[in-house]
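Quick notes on the structure that follows.
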Amino acid sequence: MSTKESVVSTSPMIQGIFDSSIYKRNQGRLVRQITCGAIWLTVVFAVWRFHDLILLGWMEGSAISYLIAVGLAGVGLWIGFRLVNWPKFADFLISVEAELNKVSWPSWRELFRASMVVIFTIFFLAIILFLFDTIWYTIFTTLGIR
């Protein structure tokens with residue numbers, strides 16, 4: 001690939017990072033907002049840990065370490081915002097929300113009943129496994145294997 005071709009192919013991506021428009025503003029709004037929020041939470045937590053573990057060790061609490069952390073957080077938050085507005089990813093999130101709208105969700109009563117079945121099954125299996133463990137422990141202790 002020539003240099004001219006590589007510049008042409010990366011140009012839309014670079015332009016997309018600095019673009020502040022929202023792609024298909026009213027479609028897939030809820031899923032895109034939740035995804036963006038999750039990305040932002042991850043970025044803030046990662047920058048906070050980076051600051052505590054690395055920057056404070058290098059700069060010992062100077063104001064520059066805080067400025068670097070704020071700058072990294074700002075870049076990460078902007079990239080998160082741009083990511084959910086990147087056409088390919090945004091179209092995917094739009095289709096996810098469309099599929100979620102087709103799901104028939106259970107009522108609270110059905111959800112409660114199904115949860116009780118799962119919880120009682122887990123307790124029943126835990127009791128059975130405890131009894132098997134106790135029986136085998138007793139057998140092996142009696143035989144002198146343990």
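The values are calculated or read from the model by the stated rules, or taken from the named source; none is laboratory data. No experiment lies behind these values; they were computed from the predicted model shown. Quick reminder, even Gly has a Cβ in these numbers, built from the backbone with ideal geometry, and neighbours come from all protein chains shown.
Scan segment 111-119 and tell me whether some residue there is at pLDDT 95 or above and aromatic (F, W, Y).
Scanning segment 111-119 turns up at least one residue that is at pLDDT 95 or above and aromatic (F, W, Y).
I'd like to check something: does segment 34-45 contain any residue that is outside any helix (DSSP H, G or I), β-branched (V, I, T) and surrounded by 14 or more Cβ atoms within 10 Å (Cβ to Cβ)?
Our first condition is that a residue be outside any helix (DSSP H, G or I); within segment 34-45, this holds for none.
No, that holds for no residue.
Scan (1) more than 30 Å from R29 (Cβ to Cβ); (2) among the charged types (D, E, K, R); (3) under 28 Å from the mean Cα position of the chain (by Cα) for the single condition E99 breaks and write down its number.
(1)
State yes or no: is V31 of a type outside the set (D, E), modelled with pLDDT of 85 or more and either surrounded by 15 or more Cβ atoms within 10 Å (Cβ to Cβ) or in contact with a Gly (Cβ under 9 Å, 6 or more places away or on another chain) (or both)? Quick ask: steps written out before the conclusion?
Values: of a type outside the set (D, E): yes; modelled with pLDDT of 85 or more: yes; either surrounded by 15 or more Cβ atoms within 10 Å (Cβ to Cβ) or in contact with a Gly (Cβ under 9 Å, 6 or more places away or on another chain) (or both): yes.
Criteria met by V31.
Could you tell me whether any residue of segment 61-81 is without any contact (Cβ under 8 Å) to a residue 12 or more places away in the chain and not in a helix (DSSP H, G or I)?
yes
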